[in-house]
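Participant: This structure is in structure tokens; I'll ask about it shortly.
The values are calculated or read from the model by the stated rules, or taken from the named source; none is laboratory data. Here the structure is a predicted model, which means the values were calculated and not measured. Cβ placement follows ideal geometry from the backbone for every residue including glycine, while neighbour counts extend to all protein chains displayed. Surface areas here come from the heavy atoms of the whole protein model, side chains and all, with no ligands, DNA or RNA. Shrake-Rupley method; radii C 1.70, N 1.55, O 1.52, S 1.80 Å.
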Amino acid sequence: MSAITHHISQDLLAAYAVGHLPKAFSVVIAAHISLCDECRASYEALQALGGAVMESTGSEKVSDRLLTSVLDRLDDDWDDETAYERSGIYPGPVMETMNGRQPRWKKLGMGVKQDILLADAEGSVRLLYIPPGQAVPDHGHNGQELTLVLQGSFSDETGHFGVGDLEIADESLEHTPIAEDGVACICLAATDASLKFNAFFPRLLQPIFRI
Ligand code: ZN
Ligand code: ZN
């Protein structure tokens, strides 16, 4: 795999480590950690630090229940056996979220397809399939959007993203991701609020596709 250049921010990694992220975001973070040695090392260091703090604090200061829940959390949501395994292009946490099934692609138009893996009140996470050279309609964001490349690559106003790269977008970014030529770009994308599409037509479709 070519070198990963876009990583998890420290804020996101810390929030993930203590279990403060919506489930949809956790899937993307866990998937990046499974692909990225650098972020995995940072995460494991955070886990070790968290465990040491909990142990040195002692149960007379921290209720047993809290201690147990934090230590459980540090054990991770993901099955250790499968967390770092990939099935084809799909990292372990993605396979777990799909319950081992293959993607069920639904057409969004222009050759773009999606498969919503999980959607709840806090956010949603989906697989996106973007044909080579195809653009995703330009849009702003009401909240945060995390996009992890699983196959191929895309570029937008902020840079180039290849396999394993993570783009973190928020309210301040308006962008038009375009898949590069070659193989189709397949991404794992999580949002914590509805995207704001600029063009009228995609906005009409938004409730239908729950983007
Ligand atoms: Zn990383
Ligand atoms: Zn976006």
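Participant: So which of Phe161, Phe209 ends up being modelled with pLDDT of 95 or more, surrounded by 13 or more Cβ atoms within 10 Å (Cβ to Cβ) and within 16 Å of ligand 2 (Cβ to nearest atom)?
Facilitator: Phe161
Participant: Then there is this: Please name all residue pairs, on different chains or six or more residues apart, with Cβ atoms under 6 Å, provided the first residue is in the stretch 23-43 and is assigned by TED's automatic domain parsing to the domain that holds Ser124 and within 12 Å of ligand 1 (Cβ to nearest atom) and the second residue is outside any helix (DSSP H, G or I) and of a type in the set (D, E, K, R).
Facilitator: Within 6 Å, no pair qualifies.
Participant: Does Leu118 fit the bill of being within 16 Å of ligand 1 (Cβ to nearest atom) and either touching a Phe, Trp or Tyr at 6+ places or on another chain (Cβ under 6 Å) or in a strand (DSSP E or B) (or both)?
Facilitator: So Leu118 does not fit the description; no.
Participant: State yes or no: is Ser9 hydroxyl-bearing (Ser, Thr, Tyr) and surrounded by fewer than 20 Cβ atoms within 10 Å (Cβ to Cβ)?
Facilitator: So Ser9 fits the description; yes.
Participant: Any residue in the stretch 91-102 that's of a type in the set (A, V, I, L, M): show its pairings with residues that are in a helix (DSSP H, G or I) at Cβ separation under 7 Å, as long as the two are six or more apart or on different chains.
Facilitator: Val94/Val27; Val94/Ala31
Participant: If you don't mind, there's one more thing I want to ask. Would you mind finding the one in Ile168, Ile186 that is more than 12 Å from ligand 2 (Cβ to nearest atom), assigned to a strand (DSSP E or B) and touching a residue at least 60 places away in the same chain (Cβ under 8 Å)?
Facilitator: Checking each option against the conditions leaves just Ile186.
Participant: While we're here: Any residue in the stretch 176-186 that is within 16 Å of ligand 1 (Cβ to nearest atom) and open to solvent by less than 20 Å² (accessible area, probe 1.4 Å)?
Facilitator: Within the stretch 176-186, none of the residues are within 16 Å of ligand 1 (Cβ to nearest atom) and open to solvent by less than 20 Å² (accessible area, probe 1.4 Å).
Participant: If the requirement is being open to solvent by less than 40 Å² (accessible area, probe 1.4 Å), of a type outside the set (A, V, I, L, M) and assigned to a loop (DSSP other than H, G, I, E, B), which of these qualifies: Pro103, Pro132?
Facilitator: Just one listed residue meets the conditions, Pro103.
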